[in-house]
Structure formats: structure tokens, C-alpha cells
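Colleague: Have a look at this one before I ask anything.
No value in this document is a laboratory result; all are computed from the given coordinates. Owing to the predicted nature of the structure, the values given are computational and were not obtained by experimental measurement. Cβ atoms come from the backbone with ideal geometry, glycine included; neighbour counts cover every protein chain shown.
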Amino acid sequence: MENNLILNRLFTQNIFYDLVKNETNDIYGVIVQRYIDDPEDKLNGTLISEIYKFMSQSYRNEYFYQNTLLNKLLIGKHSINTSTALTQIPISRSKADFILINGRAVVYEIKTELDTFDRLDTQIRDYYKAFNYVCVVTSEGHYDQAVDLLKGTPVGIYVLSSHNTISKKMRKEPEMNNSSLDHTAIFKVLHKSEFESILTEHYGGLPNTSQAFYYGECLSMFSDIPIGIAYQKALGQLKKRNRIAIRELCRIPYELKSLVYFSKPATYDWNAIDCFLRKKYGG
């Protein structure tokens, strides 16, 4: 497992876009030489596909889980036009791995076969402060432990099967839990333009105060909105994030869809990615 840690670095925005821009990268070179036989005559897109296939069999890391959720849920079950996915959203002392927003919002906490459940209780309590559906996504080997830990709670359980699909049998759907929703936690998830939009819509204006006190006044006004209304207005704003063209995302191979979706590429990036994937390794 330790020998495979380098794979975590390839599927990151910094490394990938450096690779696309410069058509070479030390991390990529080491990974290709380590995991691919006779790479010289293969396209970069083929090499990335073969690396991802190795991961699917031997090293299903957090990126692999996240990418599966995006492909199976956002793209496969819902629609990019009507749904939004978010990642690495700070909530209290935790960071949400994957959030899917359509008619409702579900926080998916990823626990791969490489992870432990040590912080799970804290993470779940944090997530319920800002969202009312939470689901743990884990492996078949962790399923029984997850069921035991989450018995009697509204937390859902999804399992990434050995066939790399979301299991229909080993599954518990998340249930709504509004009891812990907290104005401050919800407010802190929002960008400045988002909470300003909510306050302007609800009150007809923004606080008239100095810059030093502005954030606190906005939070105070937000906290006076009934929690259920404040939550729905927040979801409406969050759903507008990560707008991306379906036509462009369709050009991206399955293995890279999550990486590209969350990076929100500029117009010129799409062609650069396409050129890199179609080019021969080292060519």
C-alpha cells in the first residue's frame, strides 16, 4: 500500500494541470514507469486509463471513490443541469468529501478500505450542523462495522462493491435530520456573494455598517431567518456553484471526470486536456 501512495498525487488539480500545460511531470513519469509496461507507443489517455484500472483492482483511494460517486450519482442518476456536486467543504472541524445537491443535499463521507472510522462520530455531528442528510460510503469489508456503528441513526450507508459499483443490496438510505441545523455553520459554508444574495432577497438590503463589523452583522441577520427557510435559501445558492457544460464534460474520460468537474476549467483548458490525452507519451 505504501508503494502506491504516489498515485494519490497524480489525480490532483495541481499535478494534472501542470502535466497538461507542460506535457511532462516528474510524478507522472515515475508512475508510468512503475505501473505501465511498454508505455512509449501509448497515448497519454490510454496510460491514465491503465493506471486507473490498476487502482480499481489494488488501490481504491479517496479520489477513486469520489470519482465513482460523481459518475454514478451526478452523471448516471441525476443531471448536471439540475444537480450540483461540491467537494472538500469545511464544516466546523471537518471537511465534507462529497456533497450532492438536487432537490435535497446529501453529504457523503468517504471511508475507503485504506481508512479507519476513528473520526466518524465527530464528522457526522459536524455535517448535521450544515446539512440534513448524511451518508457514509465505504467498502464491502467495512460494511458490517459501519452498520454496527450507525445502528439507530439517520445516517445512510452506501458500499462501493468489488465490481466498483454502488451496491444495491448493502445499502441504507439516509434519513432527514433537521435537529442539529445551525445558522452559523450554514452561513460559514456560503461565499460572500451567496449570503449577500440571501439577505438582499429576504430583507431587501444589506447591513449599513463598517467593514470591520460587516461579516458579523450579516451573520446576525442570517441567524434571524427561521432555520428551515435559511437552510433552503442556502441550498439554492450552493446549487448554483460548479456550473459546467455537459458537452464539454462528455469529452473527458470516465477516469478524470471528477478531477475536471471540480477544477472548473477555463475555455482554453478543455482543448489543452484533449490535446494532452491524444498525444503519445513522451512525444
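Colleague: Kindly indicate whether residue 213 is part of a helix (DSSP H, G or I) and surrounded by 17 or more Cβ atoms within 10 Å (Cβ to Cβ).
Modeller: Spelling it out, it is not the case that residue 213 is part of a helix (DSSP H, G or I) and surrounded by 17 or more Cβ atoms within 10 Å (Cβ to Cβ).
Colleague: Would you list the helices (runs of 4 or more DSSP H) that sit entirely within the range 16-98 and hold 3 or more residues that are surrounded by 18 or more Cβ atoms within 10 Å (Cβ to Cβ) and under 15 Å from the mean Cα position of the chain (by Cα)?
Modeller: The qualifying helices (runs of 4 or more DSSP H) are 62-69.
Colleague: Follow-up. May I ask you to list pairs of residues, at least six apart or on different chains, whose Cβ atoms are under 6 Å apart, with the first in the range 68-81 being free of Cβ contacts under 8 Å to residues at least 12 places away in the same chain and the second being part of a helix (DSSP H, G or I)?
Modeller: Close Cβ pairs (under 6 Å, with a partner that is part of a helix (DSSP H, G or I)) do not exist here.
Colleague: Here's a follow-up. Which of the residues belonging to the range 115-149 are closer than 29 Å to residue 232 by Cα, of a type in the set (A, V, I, L, M, F, W, C) and surrounded by fewer than 21 Cβ atoms within 10 Å (Cβ to Cβ)?
Modeller: Selection gives 120 alone.
Colleague: From (1) crowded, with 16+ Cβ neighbours inside 10 Å; (2) within 30 Å of residue 139 (Cα to Cα), pick out the condition that doesn't hold for residue 190.
Modeller: Residue 190 satisfies every listed condition except (2).
Colleague: A follow-up question, please. So if I check each of 183, 202, which one is buried (at least 17 other Cβ atoms within 10 Å of the Cβ) and not small (Gly, Ala, Ser)?
Modeller: 183
Colleague: Tally up the residues in the range 255-274 that are free of Cβ contacts under 8 Å to residues at least 12 places away in the same chain, part of a helix (DSSP H, G or I) and not β-branched (Val, Ile, Thr), please.
Modeller: Residues in the range 255-274 being free of Cβ contacts under 8 Å to residues at least 12 places away in the same chain, part of a helix (DSSP H, G or I) and not β-branched (Val, Ile, Thr): 2 in total.
Colleague: What number of residues within the range 154-174 are touching a residue at least 12 places away in the same chain (Cβ under 8 Å) and not in a strand (DSSP E or B)?
Modeller: 11
Colleague: Restricting the search to the range 220-254, which residues are in contact with an Asp or Glu (Cβ under 9 Å, 6 or more places away or on another chain), closer than 25 Å to residue 201 by Cβ and assigned to a loop (DSSP other than H, G, I, E, B)?
Modeller: Selection gives 240, 241.
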